[in-house]
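Every number here is computed from the coordinates shown, using simple stated rules; none is lab data. These numbers were taken from a predicted model, which means no experiment stands behind them. Ideal geometry is used to build each Cβ from the backbone, glycine not excepted, and the neighbour counts take in all protein chains shown.
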Amino acid sequence: MKSVCGPIFILGFPRSGTTGLASGLSCLDGFASYSKEGHFIYLFTEAILRIRDNRVNPNCIVREESAKAALFSSIAKAVDEAFINSLDADSLKWIDKTPDIQQVNAIPALIELFPEAWFFYIYRDPREAVRSNVATWPDILNGKELEVANRWVKCQEAWRKMRSHIPEEKRLEIFQPDLRDRPENVVDEIRRFLSLGTRDSEALAAFWKQNRVVNRPNHGEAAKSYDKLVLSKKIIKKVDEISAQEIQNWPKILE
């Protein structure tokens, strides 16, 4: 029987359901409640991988395997403490929700620090991803719809490349519309994936049944105008062209 030793890393493109997934998984027994995003572990990726692969000065004190292990253990402990202090948690079990490509590309470093970690990748149709990003941050992204579409493609590509670093039994992909429209099916997937008990499974099901629209702007102008933004036919056509090849790798989007 598997056990969730933690941490849990939730990956995906921004506005793809990562908040809804993280909020629900916070219901798991022994895990700190999700309230803040990480956005810092990936800053150490290059250093961790250079040390791991001995791409350092020949006289570097952490070339020895024992020294590497001690260093990585210390870094992991510091990350643990950062999350525990930030979340006011009393457990070493925490959930890191950091969307976008940087964290996906950091997967080898994340595994080096936390070999016991579990990974979720949640995704949605590129049209909806683009619309949701622009609607949430119109001051920044209005007029940059095609840049967002290209970044969606790069994020999906990065996950397909990096997921091979994760043991198959430690990673799960979730299609965002399933979480929104068929949460009971997603709960069943997660129950099998994490070998959850009845209490955890029921807590997840109850949360997503009551919070089907959890990943929405809830303050500022975006909260008022989120549903009003509609992509033009011209933009939709361009987004479709940009994402056409990558979508072929995601059967649920094609359905």
| said: I'd like the Karplus ³J(HN,Hα) series for the range 47-59: coefficients 6.51, -1.76, 1.60, θ = phi - 60°, whole numbers in Hz, and an x wherever there's a Gly or Pro. | reply: 4, 4, 6, 5, 5, 4, 8, 6, 8, 9, 3, x, 8
| remark: Which of 115, 167, 99 fluctuates most in a GNM of the chain (C-alpha springs under 10 Å)? That residue is 167
| Charged-residue dipole, Cβ positions (Lys, Arg, Asp, Glu), the chain about Cα centre, Debye nearest 20 | 640
| request: Of the options 101, 10, 136, report the single residue whose Cα projects farthest towards the positive end of the charge dipole of the chain (beta-carbon charges: Lys, Arg +1; Asp, Glu -1). | output: 136
| query | How do 56, 79, 230 rank when sorted from fewest to most other Cβ atoms within 10 Å of their own Cβ? | reply | 230, 56, 79
| Could you give the length gained on full extension between residue 198 and residue 255, defined as 0.36 nm per residue of separation minus the Cα-Cα distance, in nm? | 17.3 nm
| task | Based on alpha-carbon positions alone, could you give the equivalent ellipsoid semi-axes of the chain from the gyration tensor, as √(5λ), descending, whole Å? | result | 31, 24, 17
| remark: For the range 8-254 the mean separation of alpha carbon contacts under 8 Å (6+ apart) over residue count, i.e. relative contact order in percent, is 28
| said: If the only charges are +1 at each Lys and Arg Cβ and -1 at each Asp and Glu Cβ, what is the size of the charge dipole of the range 126-181 around the Cα centre, to the nearest 20 debye? | reply: 200
| Hey, in the GNM for the chain with a 10 angstrom Cα cutoff, which one of 11, 43, 113 fluctuates hardest? | 43
| remark: residue 199 neighbourhood, Cβ < 12 Å, K/R = +1, D/E = -1, net charge -2
| request: Enumerate the calculated ³J(HN,Hα) couplings along the range 179-189 in order (Karplus 6.51 cos²θ - 1.76 cosθ + 1.60, θ = phi - 60°), each rounded to whole Hz, writing x wherever the residue is Gly or Pro. | output: 5, 6, 9, 9, x, 5, 5, 5, 4, 5, 4
| Per residue convex hull volume, Cα atoms of the range 25-72, in Å³ | 110
| query | So what's the net charge close to residue 103: Lys and Arg +1, Asp and Glu -1, counting the other residues with Cβ under 10 Å from its Cβ? | reply | -2
| Out of residues 5 or more away from residue 38 or on other chains, whose amide H comes under 5 Å of its own, with H placed 1.01 Å from N in the peptide plane? | 97, 98
| task | Rounded, prolate or oblate: pick one for the range 126-255, where a ≥ b ≥ c are the square roots of the eigenvalues of its C-alpha gyration tensor, a/c under 1.5 means rounded, and failing that, prolate if a/b is larger than b/c, else oblate. | result | oblate
| query | Can you give the helix-only mean residue ellipticity at 222 nm for the chain, where every DSSP H stretch with n ≥ 4 adds -39500 (n - 2.57) and the sum goes over all residues, rounded to the nearest 500 deg cm²/dmol? | reply | -16000 deg cm²/dmol
